[in-house]
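Structure first, then comments.
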Amino acid sequence: MGRHDTDERSALQQAMARIIGSRTEGLADCMTPIPALALFRREVPMPPAICTVEPCIVLVVQGVKQLLVGGDAYRYDDERYMVTSMDVPANSEVIVASPEKPCLGLALKLDLRVMAELIAQAGLPPPAERPRERSVVIGRISTQLTACIHRLLELLDEPASIPALAPLIQREIHYRLLTSDQAGHFWQIASVGSQGHRISKAIDWLKLNFAQPLRIDELAGRVQMSTATLHHHFRQFTSMSPLQYQKWLRLNEARRLMLNDGQDAATTAFKVGYESPSQFSREYSRLFGMPPKRDIVELRRKADGAGSAIPAPYRFTAAEQKATID
């Protein structure tokens with residue numbers, strides 16, 4: 001990248017930081033009138049916190065963040081963006097931030113159908129190398145990609161133009177990603193019939209049916225894979241087995257029900273698919289660091305003390321404990 005490109009990208013990022021900074025005053029996370037776009041602000045470094053990250057591109061325009069998935073760490077800043085291609089359980093960490101210079105950025109949900117359309121319609125050549133199977137990658141930010149995302153942010157000041165123009169800019173962003181240094185990864189997950197596409201379908205089914213007993217052979221048949229192949233590729237992409245992933249979904253939904261709907265632990269356990277409240281309590285404690293009732297009381301206390309609403313499940317920091325799912 002030449003000096004001119006670097007200077008142009010830096011100027012765009014400074015403009016983006018001003019837009020995000022002005023819209024996140026007093027907030028940690030902020031949804032926008034553009035449905036797929038969320039903004040975030042962190043004013044102090046934060047230790048790893050449990051999160052569920054949807055398929056999206058995450059861009060930091062100021063500060064440094066890191067995502068921990070399985071045994072891998074993905075660090076990103078104003079030179080590197082992060083992409084998650086599937087709903088993955090992870091730990092999010094803020095490395096560099098201060099009240100004077102907060103960590104500012106955005107998350108834009110990906111539409112894999114748009115990517116599949118672009119692959120089919122734009123005549124893009126397939127990548128020369130087959131990338132490693134994984135759900136998270138770090139890419140280098142180009143001036144062209146930065147300019148697209150800057151235009152999307154500018155639309156926030158033109159709400160009447162969002163319905164007409166936002167889809168066009170988002171489509172261009174998807175095109176830029178398909179021609180980026182991580183093009184192979186996007187081809188891998190968006191191409192119909194690929195292993196990544198099949199694992200995405202398996203995850204979609206689990207999200208809709210997590211409370212039902214899981215039969216791996218039936219799930220494998222739904223996505224046209226053998227049981228062994230499903231296990232192998234599922235773990236490659238998510239660092240979990242399908243059964244571990246189902247457990248993650250159940251426990252996070254249970255937390256949401258208790259936190260937002262005021263349901264008790266026993267009722268919630270049965271609702272999310274557990275047959276034993278005691279087993280539910282053990283696995284909940286293992287994931288979130290304390291028993292259900294105490295965890296919910298602590299979350300509410302922290303939310304009341306901060307004078308803010310409890311973060312929604314979409315947010316990147318849904319808890320403040322590291323976790324291991326056996």
Checklist entry - Pick from region 169-193 the residues that are under 30 Å from Glu79 (Cα atoms) and not in a helix (DSSP H, G or I): which of them is modelled with the lowest pLDDT? => result Ser191
Checklist outcome for this item: Within region 78-108, residues of a type in the set (Asp, Glu), under 22 Å from Asp181 (Cβ atoms) and surrounded by fewer than 21 Cβ atoms within 10 Å (Cβ to Cβ) come out as Glu79
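Per-residue answers, yes or no, for (1) modelled with pLDDT under 85; (2) basic (Lys, Arg); (3) within 17 Å of Gln195 (Cα to Cα):
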residue: Pro89; (1), (2), (3): yes, no, no
residue: Ile95; (1), (2), (3): no, no, no
residue: Lys101; (1), (2), (3): no, yes, no
residue: Leu104; (1), (2), (3): no, no, no
residue: Leu110; (1), (2), (3): no, no, no
residue: Ala120; (1), (2), (3): yes, no, no
Item to check | Members of region 181-206 found to be touching a Lys or Arg at 6+ places or on another chain (Cβ under 9 Å), of a type in the set (Gly, Ala, Ser) and buried (at least 21 other Cβ atoms within 10 Å of the Cβ), listed by number | outcome: Ala190, Ala202
Next on the checklist: Under 7 Å between Cβ atoms, which residue pairs at least 6 apart in sequence (or on different chains) link something in region 2-24 that is outside the structural domain of Asp77 (by TED's automatic domain parsing) and closer than 16 Å to Asp77 by Cα with a partner that is assigned to a helix (DSSP H, G or I) and of a type outside the set (S, T, N, Q)?
Outcome noted: none
Item to check | Matching residues, region 163-189, being over 25 Å from Gln246 (Cβ atoms) and of a type in the set (A, V, I, L, M, F, W, C) | outcome: Ala164, Leu165, Ala166, Leu168, Ile169, Ile173, Leu177, Leu178, Ala183, Phe186, Trp187
Item to check | Residues that are closer than 18 Å to Gln246 by Cα and surrounded by fewer than 16 Cβ atoms within 10 Å (Cβ to Cβ), drawn from region 286-303 | outcome: Arg286
Checklist outcome for this item: Within region 217-233, the residues that are modelled with pLDDT of 90 or more and crowded, with 16+ Cβ neighbours inside 10 Å are Leu219, Ala220, Val223, Met225, Leu230, His231
Next on the checklist: Criterion first (surrounded by 16 or more Cβ atoms within 10 Å (Cβ to Cβ), under 18 Å from the mean Cα position of the chain (by Cα) and under 21 Å from Ala90 (Cα atoms)) does Glu283 satisfy it?
Outcome noted: no
Item to check | strands (runs of 3 or more DSSP E) wholly inside region 67-152 that include at least 3 residues being of a type in the set (Gly, Ala, Ser), within 30 Å of Arg250 (Cβ to Cβ) and over 14 Å from the mean Cα position of the chain (by Cα) | outcome: none
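The values are calculated or read from the model by the stated rules, or taken from the named source; none is laboratory data. Worth saying up front: this structure is predicted, and the values here are computed from it rather than measured. For neighbour counting, all protein chains shown are included, and Cβ atoms are generated from backbone atoms with ideal geometry for every residue, glycine included.
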